[in-house]
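The values are calculated or read from the model by the stated rules, or taken from the named source; none is laboratory data. The structure displayed is predicted, hence computed values, not measured ones. Cβ placement follows ideal geometry from the backbone for every residue including glycine, while neighbour counts extend to all protein chains displayed. For accessibility, only protein heavy atoms count, side chains too; no ligands or nucleic acids. Shrake-Rupley method; radii C 1.70, N 1.55, O 1.52, S 1.80 Å.
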Amino acid sequence: MLRVPIAALGISHHLVSLDELAALSATASEVTSALEAHPDVSGFVLLSTCNRYELYFDAPLFHPSLEAVLGAIRAALPPERADLASELEVHAGQMAVQHLLEVAAGLDAMVVGEAEILGQVRDALASAECHNTPGLRRLFHAALTTGKAVSSQTDLGAAGRSIAAVGLALVEQRHFSLAGRRVLLIGTGNYARVVTASLVRSGCTDLAVYSRSGRAERFAASHPVEAIPSDGLISALADADLVVTCSGHQHSTPILTADLLASARDSTSSLLPVLDLSLSGDVSDDAAALIGVDLINLDEIGAHAPASQSAAVLAARDLVARGVDTYQHLESGRAATPAVTAMRSHVSQFIEREIEAAARRYDPATSAAVARSLRRVSNALLHTPSLRAAELARAGGLDDYQHALQTLFGIDVEAHS
C-alpha cells in the first residue's frame, strides 16, 4: 500500500456554504472521540474555522487511514448532511504540506492575508496535544514559521485585513463612524478579542459584552468592556448602536430572534446594524428579516473582501514554496534516523565493552580518560557516515545505504526502526 506520512481531508468556503461548514464544525467532538483510539490513525489535528474544516492526520498506511477519517466524519454528520462527506478534498504528502502552509500564510482565506488564521492554526495544534504525533507537530510548526514570515516580510501581512475589520468597515460605509458609538458584543468567542481591539482603535470606548454561556465577567476582566448580566440582554439591545455577534459556539437556537429584538426595540428606534461573525449564525432568519435590522453576515463580508495586491501574493507564495522545500528537506533527512541509530547502537556496544574492561584494569582516573577518548573517537568516526545517511535519504539512496550496513556489519535497520 502507498505510504504517505501526513495527509489532510477537508473543505473550505470556496466549495461549500458557511451553513454547511457549520454542520461540519459541529462534528468536531464526535470525530475526535472516534479517532483518538482508532488503530489506523496515529494522530490528527483538526483545523475548524469559519472558513474551513480540515483534519490533518498521520497516515501509517494511507488508504486505511483515509477511510477511518472519512468514516468518522460521515458518521458524525446528521443524516440530512451526510452527502457533505463526499465533497471533502484529499491532500496527501507534499500537497498536504503545501496546503497547510498556504492556509497559515493567509493565502486561502476568505479575506486574503487575514490576521486571525495564524492564531487559529496555533490553537488547533494546542488543542490536539493529546492526539497528535511528532510528525504533525513538526508540520504545524513549519506552517506557523512560514505564516509568521509572510506576515512580517510581505505586504500581504502588513495590509491583510481580518474578517472582523472588513465587517466593521461595512458598518461604517453603510451607517456611521464607530467612534463614540455604543456597541454590544454577544459572545466571547475567537473574534470577540479581535473585534474589541478593532473597535478601540476606531475610537469606540463604550463597549459591552453579553455571553449566554456566562463568560462575560471573565472576558470583561481582561478587556475594556462592561459585562452584561444574564438578565440584561434586552436592555443592552435597546441601548446599542451596533451589535456584533461572535459566540464561537454551536447553539441549538439562535441568540438573537425577532421576538427578542421586538422586546428591546420599537418603531421609533433607529436602524440597528448587526454584524454576525459566528459560523453557526447567532441571528435567526426572522430577526434578519426585520425592517429595523441590517444584518451583515460572513457571506456578505466575503463578497466585499478586498482584492490583495498581486505582488504581495507572489511574495507570500514564494515564502510558502521555500517553507515547503525546507520542510521536505528536513523530513527526508529524518528517514535516515533508524539507520543512523542502528549504526551508532552497533558501534556503542563495542565501545562500552572496552570501557568496562578499562574500568576493571585501571584506576578510576585512567579508566575515565580511556572512556572519554573512546567516545570521542567513536563520535568522530560516525559523524561522516551519519551525514551521508541523511544525504542519501534525501536523494532516494537510503535503501542502498541500509543494504550496505547489513552486508558489511550485519546490522538489521528494520529491527531498530
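Around the Cα centre of the chain, unit charges on the Cβ atoms of Lys, Arg, Asp and Glu (plus for the first two, minus for the last two) sum to a dipole of about 1980 debye. Label separation (residue 361 vs residue 235): 9.1 nm, computed from points 7 Å beyond Cα along the C-beta direction. Per-residue 3J(HN,Hα) values for segment 342-356, derived from phi via the Karplus relation 6.51 cos²θ - 1.76 cosθ + 1.60 with θ = phi - 60°, read 5, 5, 5, 5, 4, 5, 5, 4, 5, 4, 5, 5, 5, 5, 5 Hz in sequence order (x marks Gly and Pro).
Apply 1/(1 + (r/R0)^6) to the Cβ-Cβ distance of residue 90 and residue 268, taking R0 = 60 Å, and write down the FRET efficiency to the nearest 0.05. With a Förster radius of 60 Å, E is 0.60. For the pair residue 221 and residue 318, a Förster radius of 56 Å applied to the C-beta separation gives a FRET efficiency near 0.85, rounded to the nearest 0.05.
Compare the Cα positions of 117, 186, 166 along the charge dipole of segment 100-230 (+1 at Cβ of Lys, Arg; -1 at Cβ of Asp, Glu; about the Cα centre) and return the one farthest towards the positive end. Towards the positive end, the residue furthest out is 186.
Cut-off 12 Å, label point 7 angstrom out along Cα-to-Cβ of residue 337: give me the residues of segment 114-138 whose amide nitrogen falls inside. Backbone N within reach: 133-138. In segment 140-290, the C-alpha radius of gyration followed by the widest Cα-Cα span (Dmax) gives 16.4, 55 angstrom.
Residue 175 contributes about 60 Å² of solvent-accessible surface, heavy atoms of the protein only, 1.4 Å probe.
Ordered by solvent-accessible area of protein heavy atoms (1.4 Å probe), largest first, the residues 19, 58 come out as 19, 58. Length gained on full extension, residue 153 to residue 197: 13.5 nm, using 0.36 nm per residue less the C-alpha separation. Which net charge results for the neighbourhood of residue 263, defined as the other residues with beta-carbon distances under 15 angstrom from its beta-carbon, given Lys and Arg at +1 and Asp and Glu at -1? In short, -4. With the convex hull drawn around the C-alpha atoms of segment 1-160, the volume per residue stands at 96 Å³.
Taking amide hydrogens as placed 1.01 Å from N in the peptide plane, the amide H of residue 276 sits under 5 Å from those of 245, 296, 297, each at least 5 positions away in sequence or on another chain.
Take residue 172: with every protein chain present and a 1.4 Å probe, its accessible area is about 80 Å². Relative to the current alpha-carbon distance between residue 70 and residue 399, full extension at 0.36 nm per residue lengthens the span by 115.1 nm. The H on the amide N of residue 209, modeled in the peptide plane, is under 5 Å from the matching H of 185, 226, 227, 228, each at least 5 residues off or on a different chain. Using 0.36 nm per residue and subtracting the Cα-Cα separation, the extra length available between residue 350 and residue 286 on full extension is 15.1 nm.
With every protein chain in place and a 1.4 angstrom probe, the accessible-area ranking of 18, 374, largest first, reads 374, 18.
The heavy atoms of residue 223 offer some 40 square angstrom of accessible surface to a 1.4 angstrom probe.
Can you pull a Stokes-Einstein diffusion coefficient for the chain at 25 °C (0.890 mPa s), Rh from Kirkwood over Cα pairs, as a whole number of µm²/s? Diffusion coefficient, whole number: 99 µm²/s.
Since only 370, 25, 177 are under comparison, the one whose Cα sits farthest along the positive direction of the charge dipole of the chain, derived from C-beta charges on Lys, Arg, Asp and Glu, is 370.
Projection of the Cα convex hull of segment 341-401, averaged over all directions and equal to a quarter of that hull's surface, yields 4.2 nm². In the distance distribution for segment 7-58, Cα-Cα pairs more than 15 Å apart total 44 percent. A Gaussian network model of the chain, with springs between Cα atoms under 10 Å, assigns the largest mean-square fluctuation among 369, 23, 395 to 369.
What percentage of the solvent-accessible surface of segment 100-235, computed with a 1.4 Å probe over protein heavy atoms, is contributed by carbon and sulfur atoms?
Working: 2750 of 5730 Å².
Solvent-exposed carbon and sulfur of segment 100-235 make up 48 percent of the total.
Inter-label distance, residue 253 to residue 177: 4.1 nm, where each label sits 7 Å from its Cα along the C-beta direction. Springs between Cα atoms under 10 Å define the GNM used for the chain, and in it the highest mean-square fluctuation of 164, 359, 179 occurs at 359. Each of 196, 233, 150 was scored by the projection of its Cα onto the charge dipole of segment 125-236, and the greatest displacement toward the positive side belongs to 150; charges sit on the C-beta of Lys, Arg, Asp and Glu. Bridge orientation summary for the chain: considering DSSP beta bridges with both residues in this region, about 45 percent are antiparallel. In order along segment 223-238, the Karplus-derived 3J(HN,Hα) couplings, from 6.51 cos²θ - 1.76 cosθ + 1.60 at θ = phi - 60°, round to 9, x, 9, 9, 7, 8, x, 4, 9, x, 5, 4, 5, 5, 5, 5 Hz, and Gly and Pro are given as x.
In order along segment 172-185, the phi-based Karplus estimate (6.51 cos²θ - 1.76 cosθ + 1.60, θ = phi - 60°) of 3J(HN,Hα) comes to 5, 5, 8, 10, 6, 5, 6, 4, x, 8, 8, 10, 10, 8 Hz; Gly and Pro are listed as x.
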